[in-house]
Amino acid sequence: MSASEKNALLDAMVLRKAGKGDVLLAAGEPIEAWYGVLSGMAKLQTKSHDGKLSAFLGVPAGEWFGEGSVLKEDVWRYDVVALRDTTLIGMPLLHFRRLYRTSLPFAHFLIDHLNMRLGQAMAAIESGRLRNPEERVAQYLIHFSWAGMSKITLSQEDLGHLAGLSRQTINRVLKHFESQGWVSLEFGRVDIIHHEALQKLASPIGTKATPDAGQSTA
């Protein structure tokens with residue numbers, strides 16, 4: 001992009017801010033932009049008719065989301081909720097469509113991003129059917145680690161929503177990880193100490209090796 005094109009795009013960007021627990025984008029709201037998390041952290045969740053919540057993706061700062069929905073140009077099918085004070089940055093649809101149709105690097109980025117989301121969706125399906133709680137929690141911790149985070153500010157309740165596990169089970173698993181020296185726990189935060197051990201635990205079925213509890217990168 002030329003300097004003038006970049007400046008025009010930056011000028012067009014929109015911001016949405018919300019405090020912890022507030023809705024940033026609501027299900028049924030028309031899609032007007034493609035959003036990324038500029039600061040904070042958000043979760044994508046749906047609610048059943050009886051009020052039960054199901055969170056299926058946590059989005060850390062620096063990551064974009066919802067490109068599949070944006071390509072359909074319909075309405076949001078889920079709520080986007082702030083897990084802590086969060087700011088979203090949005091690329092208006094007009095600019096998104098223009099880049100998608102005219103910029104090969106942008107189209108390649110979208111394909112790579114959609115491929116990553118497909119891999120995450122397949123992993124979530126596999127996790128729900130075949131994985132034990134320890135492996136499921138490790139998968140979500142590794143996802144945030146891939147985004148460059150080693151200190152994850154996330155409540156056990158929210159992590160449970162993402163992994164499809166009760167808060168009690170999440171607490172038990174995290175305590176086990178802490179006893180192995182893989183993570184360090186503080187109130188509302190998980191610090192990853194031994195990335196390799198969690199990576200082995202979360203690796204695809206059929207390729208897993210048992211983590212060496214004696215190793216530590218601390």
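Of all DSSP beta bridges located in segment 28-120, what percent are antiparallel, nearest 5?
Roughly 100 percent of the DSSP beta bridges within segment 28-120 come out antiparallel.
Where nothing but the Cβ of Lys and Arg (+1) and of Asp and Glu (-1) is charged, how large is the charge dipole of the chain around its Cα centre, in debye to the nearest 20?
Computed about the Cα centre, the dipole is about 220 debye.
Would you mind ranking Ser69, Ser39, Ser48 by Cβ crowding within 10 Å, fewest neighbours first?
Taking fewest neighbouring Cβ atoms as first place, the list is Ser48, Ser39, Ser69.
State the three equivalent ellipsoid semi-axes of segment 5-46, derived from the C-alpha gyration tensor as the square roots of 5 times its eigenvalues, in descending order and whole Å.
Computed over segment 5-46, the values are 23, 13, 8 Å.
Kindly express, to the nearest 10 degrees and within the range 0 to 90, the angle between helix 93-102's C-alpha long axis and the longest C-alpha principal axis of the chain.
90 degrees
Below 8 Å between Cα atoms, with a sequence gap of 6+, how large is the relative contact order for the chain in percent?
18 percent
If I take all pairs of Cα atoms in segment 131-202, what percentage of them are more than 14 Å from each other?
Result for the distance tail: 52 percent.
Which of Ile192, Met41, Val23 sits closest to the plus end of the dipole of the chain, meaning its Cα is farthest towards the positive end, when Lys and Arg get +1 and Asp and Glu get -1 on the C-beta?
My answer, from the dipole projection, is Val23.
Which value, in nm² and rounded to one decimal, describes the direction-averaged projected area of the C-alpha convex hull of the chain?
So the Cα hull casts an average projection of 13.5 nm².
Any number yet on Rg/Rh for segment 3-103, C-alpha, Kirkwood?
Using only Cα positions, Rg/Rh for segment 3-103 is 1.00.
Which residue fluctuates the most in the chain, going by a Gaussian network model with Cα springs under 10 Å, if the choices are Gly51, Gly119, Gly62?
Looking only at Gly51, Gly119, Gly62, the largest GNM fluctuation is found for Gly51.
Going by average Cβ density within 10 Å per residue, which order do the peptides 153-164, 13-24 take, highest to lowest?
Peptide ranking by packing, descending: 153-164, 13-24.
Dividing the Cα radius of gyration by the Kirkwood radius, what Rg/Rh value follows for segment 60-109?
0.99
Just how large is the dipole of segment 131-202 about the Cα centre, in debye to the nearest 20, putting +1 at every Lys and Arg Cβ and -1 at every Asp and Glu Cβ?
About 120 debye.
Which order results if Trp34, Trp64 are arranged by neighbouring Cβ count within 10 Å, fewest first?
Listing Trp34, Trp64 from fewest to most nearby Cβ atoms yields Trp64, Trp34.
In what order do Phe177, Phe96 fall by count of nearby beta-carbon atoms within 10 Å, going from fewest to most?
Phe96, Phe177
No lab work stands behind these numbers, since they all come straight from the coordinates. Source: prediction; values computed, not measured. Positions of Cβ are generated from backbone atoms using ideal geometry, with glycine treated the same way; all protein chains shown enter the neighbour counts.
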